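Enquirer: Could you have a look at this structure, given as structure tokens, before my questions?
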Amino acid sequence: MTRADAMGVLLAFIARLITGAQGHWKGCPPKAEQRIYFANHQSHLDWVLIWAALPRELRATTRPIAARDYWTAGRFKHWITREVFNAVYVSRARTADQDPLEPLIDALNNGDSLVIFPEGTRSNKGAPQAFKSGLYHLAQQFPQVQLIPAWIDNVQRVMPKGEVVPVPILCTVTFGAPVSLTEGEDKRQFLARARNAVVALQPGATPEVAAA
Amino acid sequence: MILWLQSLGADQQVQLLFVTLFGLLLLVSAGAALHALRERNSLQEDTHQRFKRELRATWMGAVVFWAAWISGPGGATLLFGVISFLALREYITLLKTRRGDHRSLLLAFFAVLPLQYLLLANRNFDLFSVFIPVYVFLAIPVVSALAGDPERFLERNAKIQWGIMVCVYGLSHAPALVLLDFPQHTGRGAFLLFFLVMVVTVAKIAQTVASRRLRRRPVARHIDRSFSYRAWALGTVAATLLGAALFWITPFKAGQALAMAAIAAAAGTLGEFVMSALKKDAGVRFWGNTSSVTGAVGLLDRVAPLCFAAPVFFHSVRWYFQLKP
């Protein structure tokens, strides 16, 4: 076992200890197919939680997206995203001649699965913000890849914005049924439908007040 | 028979206890496996599933208990510390907290809980009994006030204080029994814990069975539909008699065992009743229903009677026998 593998096992253990990281596979079984998971984004821990909720054999081929300028800045940050999580780096600064989705497309052509947060930024209002269009473009270009919606519950209570130490509180990741682009559907419709699919997975009995 | 048992050393007695316990469980499991071969309708299937879950939980409990014994006082303390952590995690998940509680929760999980169990491992029983009700009682609201959120301040602090009292203070008294030293009874603390667990469990089971059979009017239907005074009394009496019958494994005489068992059984069943009120307040219908509510795992439900019974039992024993740590 390499240092990166050991680190991965340790991180998954900590995530399970603190949050339980239970995965509820409601709409689809955990299978080794090429997939794009898209989820609500409320905390820095979201990625680790989805990753820990996946069965171990799927973790190696499921990759997060990381902002290049931030996650390659320090040696440790670079090592952990490159070696442990095998992240796909994207640059936030947009240049005219380059498609920002290019690294994602490369990864998908490579056969990897991705986890994306289509809101683009963390929201703490409870309901997710409108989705960015990247998901639509990927759905267009890769119709054979399954798009799995996921709802991450409770994570904003574990580590609210501005805090660094997580509080042990149980979280769940609920995976729904695959969503696919239908014939002739335009971008707005598809993104709204994808967002609704994520929101519909929210555990019904959990009152909204918790999010405050 | 009893004379022969008393002639054995403490270690041999404990071993015999576990052989009996696991033997019984094996018999029940084998019976259940045979029973599973029969065809069932959906209602029976439901009951069978529930029975299987309960049986698995009992196995887990027995294994935890055995692990606590073979790993000695230090291991028992650590083990119950972990269970405390998991129970508190579940409690906090279900009772919603606000952003301003973050620091108080960190204090509860990462300072209060380990300190309480450290005090226990060191056998500082005096400080162990007052650390949470006296010192933490002040520390939590101070940290909470420093967070600067006055909204529902009392309610939020009460939730955290309660969680600490039940999941940390209450549960830490179970391994404390193992460390309690009776004169002429050293090395047999495990029996005291076993006595408590048996009495509380039997009280719970007898109460459930009695309420099924009797179908009395519930005392508080909005809290627990199956709780009636008669079922509760029957459960407590059954557990008390069992406790009296088990007196020879404890340092008590028969009469003392009867009284102690009555105290433990009453505290455990009433504690469970209080816990169901808490569940209703938190809006949880069933524990263990992982699909609808984040956090309802069911551990808290299993340890709740012990959380309430252990401190009452521990302090009754300690006070009555004037034990010096």
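Enquirer: Tell me which residues, restricted to the range A:162-195, are part of a loop (DSSP other than H, G, I, E, B), of a type outside the set (A, V, I, L, M, F, W, C), surrounded by 15 or more Cβ atoms within 10 Å (Cβ to Cβ) and facing chain B (nearest Cβ under 10 Å).
Expert: Residues satisfying the conditions are A:166, A:168.
Enquirer: State which residue is farthest from the other protein chains (Cβ to nearest Cβ) when the search covers only the range B:81-139 and only residues that are part of a helix (DSSP H, G or I) and among the charged types (D, E, K, R).
Expert: My answer is B:126.
Enquirer: Now for a separate question. For the list (1) out of contact with any Lys or Arg (no Cβ under 8 Å at 6 or more places or on another chain); (2) within 20 Å of residue A:41 (Cβ to Cβ); (3) aliphatic (A, V, I, L, M), I need the number of the one condition that residue A:87 fails.
Expert: Every listed condition holds for residue A:87 apart from (1).
Enquirer: Out of (1) away from chain B (no Cβ under 14 Å); (2) among the basic types (Lys, Arg); (3) over 20 Å from residue A:137 (Cβ atoms), the odd one out for residue A:92 is which?
Expert: (3)
Enquirer: Checking the structure you have, find out if any residue of the range A:146-161 is closer than 26 Å to residue A:61 by Cβ, among the charged types (D, E, K, R) and within 13 Å of chain B (Cβ to nearest Cβ).
Expert: Looking through the range A:146-161, at least one residue is closer than 26 Å to residue A:61 by Cβ, among the charged types (D, E, K, R) and within 13 Å of chain B (Cβ to nearest Cβ).
Enquirer: Within the bounds of the range A:42-56, is there any residue that is surrounded by fewer than 21 Cβ atoms within 10 Å (Cβ to Cβ) and in contact with a Phe, Trp or Tyr (Cβ under 7 Å, 6 or more places away or on another chain)?
Expert: No: the range A:42-56 contains no residue that is surrounded by fewer than 21 Cβ atoms within 10 Å (Cβ to Cβ) and in contact with a Phe, Trp or Tyr (Cβ under 7 Å, 6 or more places away or on another chain).
Enquirer: Still on this structure, I have one more. Just to verify a result, which residue in the range B:62-117, among those that are β-branched (Val, Ile, Thr) and more than 22 Å from residue B:144 (Cα to Cα), is farthest from the chain's Cα centre (by Cα)?
Expert: Per the stated criteria, the residue is B:70.
Enquirer: With a cut-off of at least 3 residues that are closer than 22 Å to residue A:187 by Cα and in contact (Cβ under 8 Å) with a residue 12 or more places away in the chain, name the helices (runs of 4 or more DSSP H) lying wholly within the range A:68-149.
Expert: On the way: elements: A:68-71, A:75-79, A:102-109, A:134-141.
Of the helices (runs of 4 or more DSSP H) lying wholly inside the range A:68-149, those with at least 3 residues that are closer than 22 Å to residue A:187 by Cα and in contact (Cβ under 8 Å) with a residue 12 or more places away in the chain span A:102-109, A:134-141.
Enquirer: Further question on the same structure: Mind checking whether some residue in the range B:178-188 is more than 14 Å from the chain's Cα centre (by Cα), of a type in the set (A, V, I, L, M, F, W, C) and assigned to a loop (DSSP other than H, G, I, E, B)?
Expert: Taking every residue of the range B:178-188 in turn, at least one turns out to be more than 14 Å from the chain's Cα centre (by Cα), of a type in the set (A, V, I, L, M, F, W, C) and assigned to a loop (DSSP other than H, G, I, E, B).
Enquirer: Check whether at least one residue in the range B:277-291 is modelled with pLDDT of 70 or more and away from chain A (no Cβ under 14 Å), and report yes or no.
Expert: Yes; the residues of the range B:277-291 include at least one that is modelled with pLDDT of 70 or more and away from chain A (no Cβ under 14 Å).
Enquirer: Looking at (1) modelled with pLDDT under 90; (2) surrounded by fewer than 16 Cβ atoms within 10 Å (Cβ to Cβ); (3) farther than 27 Å from residue A:130 by Cα; (4) not basic (Lys, Arg), which is the one condition that is false for residue A:110?
Expert: Single failed check for residue A:110: (1).
The values are calculated or read from the model by the stated rules, or taken from the named source; none is laboratory data. What you see is a predicted model; the values in this text were computed from it and never measured. Don't worry about glycine lacking a Cβ; one is built from the backbone with ideal geometry, like all the others, and counts go over all protein chains shown.
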